[in-house]
Amino acid sequence: MKRPSTLLAVAVVLVVALWCSLVLGPGDVQHGDVAAVLLGREVPPLARALVWDLRLPRSLLAVTIGAALGLAGAITQGLFRNPLAEPGVLGVSSGAAMAGAIGLAAGLDASGPWVIAGLACLGAIAVLLVLMLWARADARLSTLILCGVALASVCGAITTLVLSVGIERWEIGMKVVRWLMGSFDGRSWVHLSVGATALGLGGALAAWLRQDLDALQLGPATASSLGVDLRRTWRVGITTVGLLAGICTALTGVIGFVGLVVPHIARGLVGTGHSRLLPAAALIGAALMLLVDLLTRSVGAVALPPGVITILLGTPVFLVVLSRMRAEVA
Amino acid sequence: MRFAGLVIGLLAVSGCPRPSAETPTTVRIASVTIDSDATLWALGEPVRGNVVAVSALVDDARYSPITNTWPASIPRVKGTSESLLALQPSVVFLAEWSDPAGRALLEQSNIEVVVLSGYGGFEDYRARVRSIAKAVDATPRGDAVIEAFDVSLRAARSNAGAGLSIVSYANGNVAAAGTTFADEAEAAGFVNLPSREGLEGHPGVSLEQLVAWQPAAIVIPCESDCAQTEAAFARRPGVEATPAAKQGRIIAIEGPLLFATGPRMVEVTRALTQRIEEAPR
């Protein structure tokens, strides 16, 4: 491990940010109230409602989503052997958003949060499968990115079509737009249980994949000669990324660039080995997303969608990585 | 040649109405908003007889207060400049959010465009009725429509809310000062909490903020099963700790009525009064 102290610092930031997220916000909630709620002691009903029912599940969900997106990004980059691969850039999030929007417009959300989550996963996996078909034939960066852009455009167009039909029914249009914008507001323990389950499953699959992903960095032929079952690795990888990106999009809307930025930071701290890279990406993603949520809650009265902040942060990183790659090629 | 023949052939068989060179001599009114549809109907004859188009949503019960009132022979238009121009209107009523390019095109065609603006409450409604009536030369009838509205409003006014705090919460937004709900709630004797907090319009507010306000009543929109919507909202984490949920004052009102900007605003005031009188003290 290159810089364990930095990783420890990230963990400390995560814990401090988590505490701040429980104390800060509307209503008169003191540090003692938060401690009492967490220790199960008697507190005023309002403090309990704010801390236990609203802030804690919201903050833990932000942690879960950040970890899941960081993990999904690291797996995607490992699978495609490409530092620019990320669920958002490759159109995976757009596929999830499209499927979720169709489900919402059809009123399927009334059947429970799992329905939209499942649809979003299917949308994400469908996009990944198309990408994989392209990447097999020609894994060049330009092909991959262009294919991702094209798929994101198609998914975006279908989402717009859903919206344009839904606009005839104002309340449905608003529901879809609100969901697409993304938010952690009002998320409950039920949402957290969905996210945590997906993260647990995704994390287990990622741990199982880690050595195969390491071998894949040497090239598919070498990995195959080392005994890696490429077909199985890709299948499991696609399912894992689809599950993580799909559930994240279903729960909080499209949050782009976390899967791009976080693995780069993690690689700088722990190196390229996936045994360390994957947990480091999850930890950094969790801290970053919690800080983003704190920021969106603190900037005035306007409720900022978290996806806006991550794109504003991620775009410069994307451009820096792209220019570095161009310089390397030159 | 073949292409020219095709174009001529298409034009010959086309049933599309083409603008005539003649200038219409009578007043031809086109309404593209539900609000003006309803007001024009309320203005009675001879205004109704001069209407050549009403909005596409006029018969949609979810939004329109006057479904199946306008004769089916009057075209329903979606507001595109092309469909409007084909009807050769002399006056067109548009909403302030209508496409500026389409509006400019109508104005360039020497059509009087009346842009209806201000959807913030009772006084805005009165102003829009005056504006519509003036444009169709029916000012006295417009005054009568306003008087009828004021009579029903006076009858609906009450102090049932008794100064209790109330919030209208829909899709993460609240209705603050300068909204129809602020007037409706005040007319039923409530204090609109977001207005008291200094907010204006329909700002986004977190669920956490809503709970921290501890409103005595919360109004939400519903689609069909309003009782189920109320029960589901009252059970939401955090909300169940509000006085509104504890004292059975989560009030679901059908979305189209809750967001109505015309004479149906009085119905919201009546509904609030009725519900607060029914709620356990």
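Meeting the requirement of 2 or more residues that are under 21 Å from the mean Cα position of the chain (by Cα), the helices (runs of 4 or more DSSP H) wholly within region A:214-330 are A:230-252, A:258-270, A:274-298, A:306-329. Within the option set B:150, B:183, being out of contact with any Pro (no Cβ under 9 Å at 6 or more places or on another chain), surrounded by fewer than 18 Cβ atoms within 10 Å (Cβ to Cβ) and modelled with pLDDT of 90 or more holds for one residue only, B:150.
If you filter region B:219-246 down to residues that are among the hydroxyl-bearing types (Ser, Thr, Tyr) and surrounded by fewer than 21 Cβ atoms within 10 Å (Cβ to Cβ), you find that the one that is farthest from residue A:51 (Cα to Cα) is B:224. Taking residue B:174, is it crowded, with 22+ Cβ neighbours inside 10 Å, touching a His at 6+ places or on another chain (Cβ under 9 Å) and closer than 21 Å to residue A:184 by Cβ? The answer is yes for residue B:174. Among residues of region B:206-218 that are more than 7 Å from chain A (Cβ to nearest Cβ), those with a beta-carbon under 9 Å from a residue that is of a type in the set (Asp, Glu) at least six positions away or on a different chain give the pairs B:213/B:197.
Please find, within region B:95-141, the residue that is nearest to the chain's Cα centre (by Cα) out of those that are assigned to a loop (DSSP other than H, G, I, E, B) and among the hydrophobic types (A, V, I, L, M, F, W, C).
Ranking the qualifying residues of region B:95-141, first place goes to B:97.
Here are B:167, B:129, B:174, B:113: which of them is under 24 Å from residue B:58 (Cβ atoms), touching a residue at least 24 places away in the same chain (Cβ under 8 Å) and aliphatic (A, V, I, L, M)? From the options B:167, B:129, B:174, B:113, the qualifying one is B:129. Among residues that are at pLDDT below 95 and under 21 Å from residue B:39 (Cα atoms), residue B:174 is not included. The single condition from (1) in the same structural domain as residue B:247 (by TED's automatic domain parsing); (2) in contact (Cβ under 8 Å) with a residue 24 or more places away in the chain that residue B:158 fails is (1).
Going residue by residue through region A:32-47, is there one that turns out to be over 30 Å from residue B:241 (Cα atoms), without any contact (Cβ under 8 Å) to a residue 12 or more places away in the chain and surrounded by fewer than 18 Cβ atoms within 10 Å (Cβ to Cβ)? Among the residues of region A:32-47, not one is over 30 Å from residue B:241 (Cα atoms), without any contact (Cβ under 8 Å) to a residue 12 or more places away in the chain and surrounded by fewer than 18 Cβ atoms within 10 Å (Cβ to Cβ), which makes the answer no.
The criterion of at least 3 residues that are out of contact with any Leu (no Cβ under 8 Å at 6 or more places or on another chain) and within 14 Å of chain B (Cβ to nearest Cβ) is met, among helices (runs of 4 or more DSSP H) falling completely within region A:38-134, by A:45-48.
Of all residues in region A:99-110, none satisfies being surrounded by 21 or more Cβ atoms within 10 Å (Cβ to Cβ), closer than 24 Å to residue A:245 by Cβ and among the charged types (D, E, K, R).
The values are calculated or read from the model by the stated rules, or taken from the named source; none is laboratory data. A quick note: this is a predicted structure, and the numbers were derived from the prediction, not measured. All Cβ positions, even for glycine, are placed from backbone atoms using ideal geometry, and neighbour counts span all protein chains on display.
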